[in-house]
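Read through the structure below, which is laid out as structure tokens, and then see the notes.
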Amino acid sequence: MQSPRGARRVCTLVIATALIAKLVSALPALAQGSEQIFERAATRIVQIRIVEADSGAKSAIGTGFVVGKEGELATNYHVIADLVHEPEHYRAEWVDAAGEGHPITLLGFDLVRDIAVLQAERAFAKPFKLHKGALRNGRRIYAVGNPFDLGMSIVEGAYNGFVEHSFYERIHFTGSLNPGMSGGPALLEDGSVVGINVASSGNQVSYLIPVDDLRRLLERIRAPGYELPEDRSLELREQLWRHQQRYFSAILEATPQMVQLGSYQAPGRLAPFFHCWGGFSEKKRHNARRHRCQTVDHIYLSDRIHIDVIQLRHRQIESDVLSPTRFYQLYSRFFERNWSELDGSDEDFSEFRCAVEFVETGGLVFKTAFCARRYLEFEGLYDVMFKAAHLGEPNTGFETALALTGISFENARALSRRYLEAIRWSE
Amino acid sequence: MERVIFAELLDRRNRVHTRVRINTLPFRIGRSYNSDLILDDPHVESEHAVVEDDGAGGLRLRDLDSQNGCFEGGAKRPSAHIALGGDTLVRLGHSQLRFRDANFAHGAAIKLVAHTPFVNWLLEHWSALLLIPALGVLLKLGEVWRNTTGDFEWVPALSETTTTLIFLVVWVGAWSLVNQMMRGRARVVAHTVTAFGFEMLLSAITDVAMEWMRFLFAPIEPLELLKIFLLCASGSLMLLAHLSILGAGRRALRYGIALLVATGALGVMVLNYYSTEQADWVETLPYWSRLEPINPRWLTPEAADAYFHELDAMQPELDTLAEKALAEQKPGGATR
């Protein structure tokens, strides 16, 4: 919700959300409470601007709010990502009521939870109180921010618990968040913060970072001896590494749910935080069953790199009418086209390397391809595409692709192996 | 003096147009009807030149002070006297002449190439003209059918075949035209059989053979390269056949041209194959996605343990690639 290049998901429905936002703000009567909430909060919520150092032109905008007595402001990591990646080319400022910019520096950030804490040179009025404890679904909350640089606004909406099947917790907020509101607080009537505006999928489906994550980051920053390393990419690397270890250990420790596709059994939901869909298509000469699972956690690393973590796609095809050669033509085509999008350019990734082999496991022979590329800036992190197709049956086949992003080589190998070995033939 | 000589008027391709027997010398050449050889050439004088004995047993052509003169062979200036050997070409105006003694010595006859009746049929008979293209079209349709795994539709299949057909007809036309111009015979049948035979029949047969080899043995990459090789080989053989039918140049030259074309095409295709194979994006992951065989006869699959173990080698390779890419991005070598 910041730079014009923007996060993919966040920007998907910007236009739709903008229209809805207009409708919502045109509603005649916001509850009495929101006026007072806005009035009390307004002086402690500011616009955060990322400015290109040479030209002074703004490259990204977001919202920040006061979280400390000495001028600490919280916002989203994705608002200030340029400060981490290219500190020599960008600086940050907060904007006062008169539109004047004042310099701020980066204190700390949590890449995975998409939050950052900045330090202003002056102290503000009272910092926001961070809410503790659970809320009940349907609770009215108010998101504040500066959408599209139009001016500070308040959006009333409902708290709807945490997003289900997600490894990292996110609050599901029913209300319209728009670009520019990123990093703003979501408040209760008493003015305490329950979450930080982060993303929207349009149609009033928006997401907040739970305030507990901010509290943890603040604790870390305030701990004695804390200092953000001069080379911020070191911190970034460290956080990414910790994330992938946690994330993939959780998957490796979980027992995958098996799905039956024709005569094959294959791992479907690898861990509880996977979303799965299935489908069947009947064509004149062949039938195909599909099964697709993916995680919803999405990490904004930079405007060019987003880590979507895991996706897997199975396909089982069978045909009673095609001759074996024609069936294998079809099967090859399916196998060739089964890939998940791994976007990114050669500015950020090495070339792919693949290991292709015929592998036997559990009495089945597979053609497998393990293809990997490295993140140029992050040693030890890779994107991996693991593909396998069962060979040997004249009129049925099973092929699958597993896409892993931002993973260590060791984890990718362990996961691919477990995945392949879980595939079984069962009538 | 009794001596038999032949005066030959040649056409542009140096073939004899008119041959006149000379029994007595001198022998007059010109436009006038008094001449012994009458040339209907507006650039030739009424009495242009005369062929006479040179006194030493040879013949010579003497110019009779004509306006345009007489030229020997490819000479730029006219000569008043031209000594005439059996192979000397003389030009008067636009007419080419040659004079030969009756006892002019010829070399041995070129041996007639004996074709089998089948080859004769292939190269000459009108029914080959219909049968070979028809077979080619059928095989091409078969190829389309084999690649269709859904419903077979005639319209796209035929349109795909027609494209090849049109190309081949133009190709045959071009060769026949050249043949007609150079040799006076189009040899349409021979060119048609060559083009369709190599382009449609052979390529279809290669395709089917490849399909079965992959199917029976193993989906190994060298087969894909072999296919490229065969494609180039059949292309250059086709060229060689066309050139031979045309009878252009010496045999060694024809073979040289075919070989050169074959090597060039092979180089380009192999390079192209590897450059797409090595592409670095997921849409074209650098691996071979064909799936076969059904009965992996010659295939000894690896154990999963060994396969995942061998991946060890890939990590340092990727790291090297990444470092190389980083070094290229930042020539100074500074890292952030």
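Remarks
- Within region A:38-54, the set of residues being over 16 Å from A:Val79 (Cα atoms) and touching a Ser or Thr at 6+ places or on another chain (Cβ under 9 Å) comprises just one member, A:Phe38.
- Considering residues of region A:409-426 that are among the hydroxyl-bearing types (Ser, Thr, Tyr) and touching a Leu at 6+ places or on another chain (Cβ under 7 Å) only, the residue nearest to the other protein chains (Cβ to nearest Cβ): A:Ser416
- Top-ranked residue of region A:104-129 - restricted to ones that are aliphatic (A, V, I, L, M), more than 24 Å from the chain's Cα centre (by Cα) and not in a loop (DSSP other than H, G, I, E, B), ranked as surrounded by the fewest Cβ atoms within 10 Å (Cβ to Cβ): A:Ala120
- Listed by first and then second residue, the pairs with beta-carbon distance under 6 Å, at least 6 apart or on different chains, first residue in region B:144-157 and of a type in the set (A, V, I, L, M), second open to solvent by 40 Å² or more (accessible area, probe 1.4 Å), are B:Val144/B:Glu160.
- Residue match in region A:236-250 (condition: assigned to a loop (DSSP other than H, G, I, E, B), among the aliphatic types (A, V, I, L, M) and either in contact with a strand residue (DSSP E or B) (Cβ under 7 Å, 6 or more places away or on another chain) or within 22 Å of A:Glu421 (Cβ to Cβ) (or both)): no
- Only a single criterion out of (1) in contact (Cβ under 8 Å) with a residue 40 or more places away in the chain; (2) open to solvent by 20 Å² or more (accessible area, probe 1.4 Å); (3) over 20 Å from A:Leu402 (Cβ atoms); (4) within 28 Å of the chain's Cα centre (by Cα) is not satisfied by A:Glu318, namely (4).
- Flag if B:Ala327 is modelled with pLDDT of 65 or more, closer than 14 Å to A:Phe370 by Cα, among the aliphatic types (A, V, I, L, M) and surrounded by 12 or more Cβ atoms within 10 Å (Cβ to Cβ): no
- Filter pass, A:Gly157 being in contact with a Ser or Thr (Cβ under 8 Å, 6 or more places away or on another chain) and open to solvent by less than 20 Å² (accessible area, probe 1.4 Å): yes
Residue-by-condition table, conditions (1) at pLDDT 85 or above; (2) at the interface with another protein chain (Cβ under 8 Å from one of its Cβ atoms):
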site: B:Arg250; (1), (2): no, no
site: B:Leu253; (1), (2): yes, no
site: B:Ile257; (1), (2): yes, no
site: B:Pro286; (1), (2): no, yes
site: B:Ser289; (1), (2): no, yes
site: B:Arg297; (1), (2): no, no
site: B:Glu302; (1), (2): yes, yes
site: B:Glu310; (1), (2): yes, yes
site: B:Arg336; (1), (2): no, yes
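- All told, A:Gln311 meets the bar of being surrounded by 19 or more Cβ atoms within 10 Å (Cβ to Cβ) and out of contact with any Leu (no Cβ under 7 Å at 6 or more places or on another chain).
- Filter result (without any contact (Cβ under 8 Å) to a residue 60 or more places away in the chain and of a type outside the set (A, V, I, L, M, F, W, C)) within region B:94-132: B:His94, B:Asn103, B:His106, B:Gly107, B:Lys111, B:His115, B:Thr116, B:Pro117, B:Asn120, B:Ser127
A quick yes/no check of all residues on (1) closer than 28 Å to A:Thr105 by Cα; (2) of a type in the set (Asp, Glu); (3) in contact with a Pro (Cβ under 8 Å, 6 or more places away or on another chain):
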{"position": "A:Leu187", "(1), (2), (3)": "yes, no, no"}
{"position": "A:Ser192", "(1), (2), (3)": "yes, no, no"}
{"position": "A:Asn197", "(1), (2), (3)": "yes, no, yes"}
{"position": "A:Tyr207", "(1), (2), (3)": "yes, no, no"}
{"position": "A:Ile251", "(1), (2), (3)": "no, no, no"}
{"position": "A:Val259", "(1), (2), (3)": "no, no, yes"}
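- Test result for A:Phe335, more than 7 Å from chain B (Cβ to nearest Cβ), within 29 Å of B:Glu211 (Cα to Cα), touching a residue at least 12 places away in the same chain (Cβ under 8 Å) and buried (at least 23 other Cβ atoms within 10 Å of the Cβ): no
The rows are residues; the columns are (1) over 30 Å from B:Gly184 (Cα atoms); (2) part of a loop (DSSP other than H, G, I, E, B); (3) at pLDDT below 85.
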| position | (1), (2), (3) |
| --- | --- |
| B:Gly57 | yes, yes, yes |
| B:Leu61 | yes, no, no |
| B:Gly74 | no, yes, yes |
| B:Arg91 | no, no, no |
| B:Asn103 | no, yes, yes |
| B:Leu112 | no, yes, yes |
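- Strands (runs of 3 or more DSSP E) wholly inside region A:134-221 containing at least 3 residues that are assigned by TED's automatic domain parsing to the domain that holds A:Asp110 and not small (Gly, Ala, Ser): A:140-145, A:153-162, A:171-174, A:193-202, A:205-210
- Residue match in region A:313-325 (condition: touching a helix residue (DSSP H, G or I) at 6+ places or on another chain (Cβ under 9 Å) and in a helix (DSSP H, G or I)): yes
- One residue stands out among those in region A:360-375 that are among the hydrophobic types (A, V, I, L, M, F, W, C) and either surrounded by fewer than 23 Cβ atoms within 10 Å (Cβ to Cβ) or more than 16 Å from A:Glu421 (Cα to Cα) (or both): the one that is nearest to the chain's Cα centre (by Cα), which is A:Ala372.
- When region A:188-233 is limited to residues that are in contact with a helix residue (DSSP H, G or I) (Cβ under 6 Å, 6 or more places away or on another chain) and of a type in the set (A, V, I, L, M), the one that is modelled with the lowest pLDDT turns out to be A:Ala199.
- Looking only at residues of region A:350-385 that are more than 7 Å from chain B (Cβ to nearest Cβ) and hydrophobic (A, V, I, L, M, F, W, C), we find that the one that is farthest from B:Gln315 (Cα to Cα) is A:Leu364.
- A Cβ distance below 7 Å, combined with a sequence gap of six or more or placement on separate chains, defines the contacts here; from region B:253-270, residues that are among the aromatic types (Phe, Trp, Tyr) reach residues that are surrounded by 17 or more Cβ atoms within 10 Å (Cβ to Cβ) in the pairs B:Tyr255/B:Leu240.
- Beta carbons closer than 8 Å, at least 6 apart along the sequence or on distinct chains, pair a first residue in region B:302-329 that is closer than 17 Å to A:Tyr419 by Cβ with a second that is of a type in the set (Ser, Thr, Tyr) for B:Ala303/A:Thr361; B:Ala304/A:Thr361; B:Tyr307/A:Thr368; B:Phe308/A:Ser416.
- Just so you know, in region A:43-90 the residues that are of a type in the set (Ser, Thr, Tyr) and under 16 Å from A:Thr105 (Cβ atoms) include one that is most open to solvent (accessible area, probe 1.4 Å), and it is A:Tyr90.
- Here A:Ala414 fulfils each of the conditions (1) assigned to a strand (DSSP E or B); (2) hydrophobic (A, V, I, L, M, F, W, C); (3) surrounded by fewer than 18 Cβ atoms within 10 Å (Cβ to Cβ) apart from (1).
- Residue in region A:376-384 that is in contact with a Ser or Thr (Cβ under 6 Å, 6 or more places away or on another chain), assigned to a strand (DSSP E or B) and open to solvent by less than 10 Å² (accessible area, probe 1.4 Å) present: yes
- Selected residue (criterion: nearest to B:Ala134 (Cα to Cα)) from residues of region B:178-207 that are free of Cβ contacts under 8 Å to residues at least 60 places away in the same chain and among the β-branched types (Val, Ile, Thr): B:Thr194
The values are calculated or read from the model by the stated rules, or taken from the named source; none is laboratory data. Keep in mind that what you see is a predicted model, and the values were worked out from it rather than measured. Cβ sites come from the backbone with ideal geometry, for glycine too, and all protein chains shown count toward neighbours. For accessibility, only protein heavy atoms count, side chains too; no ligands or nucleic acids. Shrake-Rupley method; radii C 1.70, N 1.55, O 1.52, S 1.80 Å.
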